[in-house]
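One structure is given here, and the rest of the page talks about it.
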Amino acid sequence: GISGPQPPDAVIAGWPCGARLPIIAGNRRRATRPAATRFPPPERAQPRPNRHAGTTIMLRLMLVDDEPPARRAMRRLLGVHADVEIVAEAATVADAARAAGETGPDLILLDIDLTDGQGFDLLAALPGSAAIVFVTAHSAFAARAFDVAAVDYLLKPVDPDRLATALERVRQRRPAAP
């Protein structure tokens with residue numbers, strides 16, 4: 001335990017146990033809160049109603065990125081959009097082509113650099129007419145992305161507002177349900 005009095009700023013605000021921080025070699029260290037309290041779950045947006053049938057139109061989405069942390073971050077950002085369903089994830093061009101054929105997503109969030117090639121290589125192998133939004137750290141490929149009819153081009157780290165704009169563009173391009 002920690003002996004002796006501690007300065008008031010060593011108490012971690014908001015921790016139910018009133019935990020105190022150790023002061024080591026004259027430096028004050030800050031403890032971090034558990035992940036559940038650092039990042040409270042975001043408020044979920046209400047699903048967009050289908051004005052024709054009175055039901056919600058789900059946007060079926062596939063994530064393609066070779067970096068697991070990037071896919072995790074994107075899942076977290078997509079969590080606030082109640083009408084988005086992640087139907088598949090892939091880390092390679094080959095896995096993405098197979099998953100797209102099996103799940104038939106409406107939208108593919110696609111990274112440029114993948115382990116076994118580029119995201120552009122996947123476009124020729126896609127069986128359906130999924131909308132493409134490139135999500136990458138490389139701004140140099142933007143012109144080429146729009147040449148292949150990408151709906152949008154997002155730079156990492158992805159801004160939540162830009163992601164919402166891209167999703168809205170995809171929704172607007174979708175045909176209305178019968």
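The values are calculated or read from the model by the stated rules, or taken from the named source; none is laboratory data. Treat the numbers as computed from the prediction; the structure is a model and nothing was measured. Cβ atoms come from the backbone with ideal geometry, glycine included; neighbour counts cover every protein chain shown. Remember, those area values only see protein heavy atoms, side chains included, never the ligands or the DNA or RNA. Shrake-Rupley method; radii C 1.70, N 1.55, O 1.52, S 1.80 Å.
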### Query
Based on the Kirkwood radius over alpha-carbon pairs, what value in µm²/s does the Stokes-Einstein equation return for the translational diffusion coefficient of segment 103-178 at 4 °C and 1.567 mPa s?
100 µm²/s
### Query
Put a dot 7 Å past each Cα toward the Cβ at Arg60 and Ser129; how far apart are the dots in nm?
1.5 nm
#### Entry: Computed label-point distance, nm, for sites Ala140 and Thr115 using a 7 Å Cα→Cβ extension
2.4 nm
#### Entry: Under 13 Å, Cβ to Cβ, from Thr103 - net charge with Lys/Arg +1 and Asp/Glu -1
-3
### Message
How would segment 51-135 be classified by its alpha-carbon gyration tensor: rounded, prolate or oblate, with rounded meaning a/c under 1.5 and the a/b versus b/c comparison settling the rest?
### Response
oblate
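Which order do Ile132, Ile86 take by accessible area at a 1.4 Å probe, largest first?
Numbers: Ile132 15, Ile86 60 Å².
Accessible-area ranking of Ile132, Ile86, largest first: Ile86, Ile132.
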